[in-house]
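Values quoted throughout were computed directly from the atomic coordinates according to the rules given, and no laboratory measurement underlies them. The structure displayed is predicted, hence computed values, not measured ones. A quick note on method: Cβ atoms are made from the backbone with ideal geometry, for glycine too, and the neighbour counts reach across all protein chains shown.
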Amino acid sequence: MTPREFDIGLHVLDHQLLDRNGRRCGNVDDLAIEGGPGETPEVVAILVGPGHWGPRAGWVGRLAGWIGGGKKGRVDWSEVEKVDSAVHLRREAPELGLGSGDDRLRPYFEKIPGAGS
Amino acid sequence: MSKVLGLALGILAAIGGFVDIGDLVFNTAAGATFGYQLVWVIPVGVLGIIVYSEMCGRVAAVSGKAVFDAVRERVGFKAALGALVSSEIVNLMTLACELGGVAIVLQLLAGLPYRWLIVIAAVAFMVIIWVTSFEWLERLFGYGGLCMLVFAVAAVKLGPDWAKVGSGFVPHIAQNNSTLYLYFVIGLLGAAMTPYEVYFYSSGGVEERWTPKDIRMNQANAIVGYGLGGTLSVALMIVGATVFLGHGISPEHLGTIALGAGDPLGKVGLLLALVGILFAVGGASIDTVFSGAYNLAQFCGWEWGRYRHPKGAPRFTLTWIVLLVLAAAIVMTGVDPVTLTEYAVIFSVVALPLTYIPILLVANDRAYMGRYGNGRLANALGLVYLVVIMIVAVSAVPLMILTNAGQN
């Protein structure tokens, strides 16, 4: 394995997503891969959210995914800046439709003193 | 000075993890039941937790990954979900125990009704966590827990038969009641290597923004912190053996354990013991509530950490608040925290392999550990302890059933 190659099963799937500001905004819950028989398969997008990871673990996973809200997100592979111990994205989380759970909850905590700047 | 303060993570992880309510109960009860015959289990457990804490601390320093990130990446999604569910249940049970322990000690110190004190303790924790930085949480509970050293003084003052204590360091199986003896061996190992210790320790390394420069600090934290925890465990066992064994008392109440220090050292000893226990179980409450929130956030990929402030990590913040409310509700039902502790320790043992295997795998991954990957010593010890963990995990529940949770 040359330094520029990596095992997508081991070093991409289930890894942390970081937006351009280093904000944690989800995990690589699944990958969209295109290419039929005889063609070279190509990773086209990162799939994010309970709606994507649920089906990976049978009925327990589906139940957990349903409890988690079943949200589905998709980030084009072209948005990936680099892959090291995490997957770094080129843009900010809200632009990519990520981290909305934290963004929805934030206003409630902001009203309490000491919630941070 | 900053070097000494830098050891706070290790000390809190050790005092709050190693000498939490489970260890207080298991160590003192082990001494009260088997004298010094179980002392050897403590260094075995201490070395195991040092090996794996050092490993996951190093992974955190080099790659910024905490334990549950590694779990999700390495054991497959299904097993990771299983690990998440079981660890969250055990974390919540343990948190409930510790919170109950805090309320018991406050009751002994202040004398208010127990249920009121549970609510007061839970609210106090919410306020303390909200207003205090991670570093100061560590220092407050870690150094406050050092009052527990009174048990070491008590152990020496009680004048135990040191030759017998020494022979207890040699591994052996007790002749009489060997099933109960084995139950204690498993319980002591489980209490020493409780998974939440590594969840908290590794995420704590990220909270403190460790980099590869801090690898020495990580080693020092693991060795000094857990070494100290182990010393306290030996002291508790000696106190259990000298104060309670001769009199047929089984220390089933936290206050009884504190009396162990009060016996040789009088009122001051008793007070220091109670304050020490308060900070130790308080620290363990912090460890477990944060571990629960860290694990869920890391599994889901949410922003996490006290260092991000509530505003920067809202779902993480909501999770620890909900966990505190649930834990308070559990102890409010009147379940005895000490009994619940034994169940929590034994069930946590089942989750051990799913926690420790991914740490070993990630610490060996040169792709992002580079030259900081595991050396031969870390791998050899890691593998030996993996075998120990497997044996413990398989035998925990059968032994619990056979001994009726240590009651016979």
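A few notes on this one:
- Calculated on alpha-carbon atoms, Rg and Dmax of chain A in Å: 16.2, 60
- Per-selection Rg to Rh, the protein assembly as shown - Cα, Kirkwood hydrodynamic radius: 0.99
- Membrane-span-like helices of chain B, defined as complete DSSP H segments with a Cα extent of 20 Å or more along the helix axis and a mean Kyte hydropathy of at least 0.5, are identified as B:41-63, B:77-110, B:114-131, B:178-192, B:215-239, B:254-300, B:314-332, B:337-363, B:376-402.
- Dipole magnitude of segment B:154-311 about its Cα centre (Cβ charges: Lys, Arg +1; Asp, Glu -1), debye to nearest 20: 300
- Shape summary: segment B:99-231 maps onto an equivalent ellipsoid whose semi-axes, from the alpha-carbon gyration tensor, are 31, 25, 16 Å in decreasing order.
- Tail fraction, Cα-Cα pairs, segment B:1-106, threshold 22 Å, whole percent: 51
- Based on alpha carbons, the Rg and Dmax found for segment B:2-402 are 19.6, 59 Å.
- Selection from B:345, B:131, B:278 lying farthest towards where the dipole of the protein assembly as shown points positive, charges on Cβ: B:131
- For segment B:235-317, fraction of C-alpha pairs farther apart than 20 Å, in %: 52
- When both bridge partners sit in the protein assembly as shown, DSSP labels roughly 90% of those beta bridges antiparallel.
- Test item: B:51-64 mean partner chain Cβ contacts at 10 Å: 1
- C-alpha center-to-center spacing [segment B:114-168, segment B:331-386] in angstrom: 23
- Using alpha-carbon coordinates, inclination of helix A:100-110 to the longest axis of chain A, degrees: 20
- Treating r as the C-beta distance of residue A:112 and residue B:376 and R0 as 45 Å, the FRET efficiency rounds to 0.35.
- Helix A:58-67 and the longest principal axis of the Cα set of chain A meet at an angle near 30°.
- Projected label points at residue B:164 and residue A:44, each 7 Å from Cα along the beta carbon direction, are separated by 7.6 nanometres.
- Sequence ranges A:23-34, B:273-284, B:187-198, A:55-66, ranked by mean other-Cβ count within 10 angstrom, highest first: B:187-198, B:273-284, A:23-34, A:55-66
- Sequence-separation-based contact order of chain B, relative, with Cα cut under 8 Å and 6+ spacing, percent: 38
- Loop sites in segment B:186-216: trypsin sites (Lys or Arg not before Pro), DSSP, at most 15 other Cβ within 10 Å: B:209
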